[in-house]
Amino acid sequence: MKQEPAAQNSPPASPPSSQPLSEDDDPQTLWIFGYGSLVWRPDFAYSDSRVGFVRGYSRRFWQGDTFHRGSDKMPGRVVTLLEDHEGCTWGVAYQVQGEQNPGYLGPAPEEAIATQILACRGFSGHNLEYLLRLADFMQLCGPQAQDEHLAAIVDAVGTMLPCFCPTEQALALV
């Protein structure tokens, strides 16, 4: 197959019939960017969709898939995004309102969220593990980022668990 010149992967100066996603949108609104199968088969309810692009990434068939497009013995290939400062990936952004997503629980006091996290376990493990691994990631890989919501949930969990003490001494016991 003939490769297209790089200029054809670049967005036009003004994309036809596309509108930028606004920061003034309702904070309960979630935008999901589909760059693979979601462009033709979104499997969730949405209230709006917009064809658009993200700069700084290129789409590549570099991800193995043993569930949807292949098997353990013969993994299929699906797309993933590769950071590429010159790249531009086209796709579809879907607007999802909280009430359209049956999994959306909405805002709650930090203590209520912490209680739920401490009580829940699913197929992939305990909800507490999810919280703590995310907090660890943010501390190690994004220490300059301020995620006040995450910190408040971790603190609330800490007050609920008397034995929870995020110190080097406590971590040595694990």
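The values are calculated or read from the model by the stated rules, or taken from the named source; none is laboratory data. It should be emphasised that the depicted structure is a prediction, and the values quoted were computed from it without experimental measurement. Virtual Cβ from ideal backbone geometry, glycine too; neighbours counted across all protein chains shown. Heads up: the accessible areas ignore ligands, DNA and RNA and are worked out on the full protein's heavy atoms, side chains in. Shrake-Rupley method; radii C 1.70, N 1.55, O 1.52, S 1.80 Å.
Under 5 Å from the amide H of residue 88 lie the amide H atoms of 56, 57, each residue being 5 or more positions distant or on a separate chain, with H modelled from the backbone and absent for Pro and chain starts. Annotation: amide H of residue 34 within the under-5 Å range of 92, 93, 94, sequence separation 5 or more or interchain, hydrogens built in the peptide plane. Computed from backbone phi with θ = phi - 60° and the Karplus coefficients 6.51, -1.76 and 1.60, the 3J(HN,Hα) list for region 67-79 is 10, 7, 10, x, 9, 4, 6, 9, x, x, 10, 10, 7 Hz; x is used for glycine and proline. Using R0 = 35 Å, the C-beta based FRET efficiency linking residue 47 and residue 141 works out to 0.60.
The magnitude of the dipole of region 43-113, with charges of +1 and -1 set on the Cβ of Lys/Arg and Asp/Glu and taken from the Cα centre, is near 500 debye.
Under 5 Å from the amide H of residue 70 lie the amide H atoms of 76, each residue being 5 or more positions distant or on a separate chain, with H modelled from the backbone and absent for Pro and chain starts. At most 12 other Cβ atoms within 10 Å and a DSSP loop assignment: could you name the chymotrypsin sites (Phe, Trp or Tyr not before Pro) in region 51-97 that fit? Those satisfying the criteria are 67.
Quick check: net charge around residue 110, other residues with Cβ under 12 Å of its Cβ, Lys/Arg +1 and Asp/Glu -1? Summing Lys and Arg as +1 and Asp and Glu as -1 gives -3.
In the context of the full set of protein chains, residues of region 50-99 present 70 Å² of accessible surface per residue (probe radius 1.4 Å, heavy atoms only). Extension gain for residue 30-residue 69 works out to 11.3 nm (0.36 nm per residue, less the C-alpha to C-alpha distance). Which percent of the accessible area of region 85-153 is formed by carbon and sulfur heavy atoms (probe 1.4 angstrom)? That share works out to 57 percent.
Which FRET efficiency, nearest 0.05, do residue 155 and residue 80 yield, Cβ-Cβ r, R0 25 Å?
0.10
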